[in-house]
């Protein structure tokens, strides 16, 4: 396990390591991932992140490259807090994270950072980066692209979510984590504008993965859910 003796964030987390918690957390991740766990709960990670919000990027890079899950998550929490508080540093933070995409490689790391940094930064900018991620064939980059659109949806901008969902349907992806992410974002669209979701379902309900469909219609009435599931 990576200890990072000279990294103050790593050492702060190590003080809260709990083997019993680590064993329980293991079940949340795909088998075979390089994902060692300390067993540090999220509230503690957030507290450590707050304490070290101004830590040097050198230490953050070490954390992001670590095989210890809590190292990577806490680095992301620090960067999110810094991104939200220091507007002038947002481009710098975004560009820094882009160098470490290969280490944002579990569903919870992706879901934590995607909308809050990638979506927020790119909302009023060129979104080619997200399209590259979506076309990369890499599960985690594809999920990042999809979940990043949660920020756009909150601003009533739905186009990219719909395009990315169509890509997953058209390419017949077998990745359940992509099906869930698309369904989740489609549901978010439905929360904002039910007719846009229904228009999408009229076109795709019969061919989209069942998991995606179930996630998308979760907030609908039981009667309407049953109707869509018959497609």
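Here is a yes/no grid of residues against (1) at pLDDT 95 or above; (2) under 23 Å from residue 143 (Cα atoms):
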position: 34; (1), (2): no, yes
position: 38; (1), (2): no, no
position: 42; (1), (2): yes, yes
position: 65; (1), (2): yes, yes
position: 78; (1), (2): yes, yes
position: 94; (1), (2): yes, yes
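Residues in segment 160-173 include at least one that is under 15 Å from the mean Cα position of the chain (by Cα), within 21 Å of residue 224 (Cβ to Cβ) and buried (at least 20 other Cβ atoms within 10 Å of the Cβ). Checking 7, 36, 19, 54 one by one, the residue that is in contact with a strand residue (DSSP E or B) (Cβ under 7 Å, 6 or more places away or on another chain) and not assigned by TED's automatic domain parsing to the domain that holds residue 117 is 36 and no other.
In segment 75-127, the qualifying residues are those that are within 14 Å of residue 160 (Cα to Cα) and either outside the structural domain of residue 163 (by TED's automatic domain parsing) or out of contact with any helix residue (DSSP H, G or I) (no Cβ under 9 Å at 6 or more places or on another chain) (or both), and the one that is surrounded by the most Cβ atoms within 10 Å (Cβ to Cβ) is 125. Assess whether residue 220 counts as being crowded, with 16+ Cβ neighbours inside 10 Å and either at pLDDT below 95 or within 17 Å of the chain's Cα centre (by Cα) (or both). Considered against the rule, which asks whether it is crowded, with 16+ Cβ neighbours inside 10 Å and either at pLDDT below 95 or within 17 Å of the chain's Cα centre (by Cα) (or both), residue 220 comes out as no. Residues being surrounded by 14 or more Cβ atoms within 10 Å (Cβ to Cβ) and either in contact with a strand residue (DSSP E or B) (Cβ under 8 Å, 6 or more places away or on another chain) or in a helix (DSSP H, G or I) (or both): count how many of those fall in segment 193-217. Residues flagged as surrounded by 14 or more Cβ atoms within 10 Å (Cβ to Cβ) and either in contact with a strand residue (DSSP E or B) (Cβ under 8 Å, 6 or more places away or on another chain) or in a helix (DSSP H, G or I) (or both) within segment 193-217 amount to 12.
Residue count for segment 7-34 under the criterion of being within 21 Å of the chain's Cα centre (by Cα) and buried (at least 18 other Cβ atoms within 10 Å of the Cβ): the result is 1. When residues in segment 186-217 are screened for being within 20 Å of the chain's Cα centre (by Cα) and either at pLDDT below 95 or within 19 Å of residue 148 (Cβ to Cβ) (or both), 9 of them pass.
Taking residues in segment 214-231 that are more than 12 Å from residue 198 (Cα to Cα), and partners anywhere that are exposed (fewer than 13 other Cβ atoms within 10 Å of the Cβ), the pairs with Cβ atoms closer than 7 Å and at least 6 places apart or on different chains are 219/191; 231/206.
The values are calculated or read from the model by the stated rules, or taken from the named source; none is laboratory data. All values reported here derive from a predicted model rather than from experimental measurement. Please note: Cβ atoms are built from the backbone with ideal geometry, for glycine as well, and neighbour counts cover all protein chains shown.
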